[in-house]
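Participant: First the structure, which I've put down as structure tokens, then a few questions once you've had a look.
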Amino acid sequence: MTNEHVQLLDELNMQLANWNVLYTKLHNYHWYVAGQDFFTLHEKFEELYTEAAGYIDEIAERILTIGGKPLATLSDYLNHSSLKEATGSEDAREMVINLVEDFNAIVSESKEVIEVAEDQGDEVTADMFTGIRVSLEKHSWMFRAYLH
Ligand SMILES: [Fe+2]
């Protein structure tokens, strides 16, 4: 296994960790959001954790497909994620602001994954993260419109 391939697998595991932290955070926000936008955000956060669940399985199975081992415990996810967990004291607006920040972080890390995957000739992994990027950029735009 080349160094570049090991680097790609490490970066994929970092994204797997990020999506697991985000999956729990989105549930936290889904349950604890309150105020006049409750119904809108409660539903939006559910849509997003459902999307996150899809990415978690896709990324993990891609790691297995290309010869790696996906992280599969909560402690590993917390140790490898670049995202912070929910604090439990966010109001609705702070929840949205935090998610925009998390999405921006994942988008910029996904660009890195795409570059490394393309250098490896792994177009499938690159395409997967391009799809994630397209979706997150759209969600970020919607949240920014909400915050305006
Ligand atoms: Fe629910």
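All of the numbers you see were taken from the coordinates with simple rules; none came from a lab. Everything quoted here is computed from the prediction, not taken from an experiment. All Cβ positions, glycine included, derive from the backbone under ideal geometry; neighbour counts span all protein chains shown.
Participant: Kindly write out, for the range 137-148 in residue order, the coupling ³J(HN,Hα) from the Karplus curve 6.51 cos²θ - 1.76 cosθ + 1.60 (θ = phi - 60°), rounded to whole Hz, with x marking Gly and Pro.
Facilitator: So the J values, rounded to whole Hz, are 5, 5, 4, 4, 4, 5, 5, 5, 5, 4, 6, 4.
Participant: So if I take the centroid of the Cα atoms in the range 1-39 and the same for the range 62-127, what is the distance between those two points in Å?
Facilitator: 5
Participant: FRET efficiency for Val6 and Ser108, Cβ-Cβ distance as r, R0 = 22 Å, nearest 0.05?
Facilitator: With a Förster radius of 22 Å, E is 0.55.
Participant: Given a cut-off of 21 Å, what percent of all Cα-Cα pairs of the range 1-94 lie beyond it?
Facilitator: The answer is 39 percent, as a whole percent.
Participant: Distance check, please: which entries in Lys111/Lys138; Lys69/Lys138; Lys25/Lys138 exceed 22 angstrom between their Cα atoms?
Facilitator: Going by Cα-Cα distance, Lys69/Lys138 fall outside the 22 Å limit.
Participant: At 1.002 mPa s and 20 °C, plugging the Kirkwood radius over alpha-carbon pairs of the range 27-148 into Stokes-Einstein gives what diffusion coefficient in µm²/s?
Facilitator: 136
Participant: In whole Å, what are the Cα extents of the range 79-148 along the three principal axes, biggest one first?
Facilitator: Cα extents, longest axis first: 44, 30, 13 Å.
Participant: Between the helical axis of 3-32 and the dominant principal axis of the chain, each derived from Cα atoms, what acute angle in degrees is found, rounded to the nearest 10?
Facilitator: Taking the Cα atoms of the chain, the angle to 3-32 is about 20 degrees.
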